[in-house]
Amino acid sequence: MTDSGWTIARLVPLLAGILVLAGTAAAATISAWWLIVPALVGANLLLYSAVGWCPATLLMRRAGITSGVCPRGHA
């Protein structure tokens, strides 16, 4: 298996991780209201795992980033 670079399948969890860490840090230092950010990220990850789509994927596809899904038989 070769590294295919930055794909949507790799960028979605990366973006989610960054937002969860940032939201949690902001909640610890600024206001507990920042916990809304990790909650929304969690809901978005559930949506992404259920249907394979999230709002960020639209932007990533428009930017020309590939999905990262292997063609059938080439796993």
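Read-outs throughout are calculated quantities, based only on the coordinates presented, and are distinct from any laboratory measurement. This is a predicted model, so every value here is computed, not measured. Here Cβ is always computed from backbone atoms with ideal geometry, including for glycine, and neighbour counts include all displayed protein chains.
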Two-site label geometry, THR7 and LEU47: point separation in nm, points 7 Å out along Cα→Cβ: 2.3
Two-decimal log10 I(q)/I(0) for the chain, as the Debye equation yields it once each C-alpha is a single scatterer, q = 0.12, 0.21 Å⁻¹: -0.41, -0.94
Crossing angle, helix 8-29 versus the chain [Cα axis fit, 0-90 degrees, rounded to tens]: 10
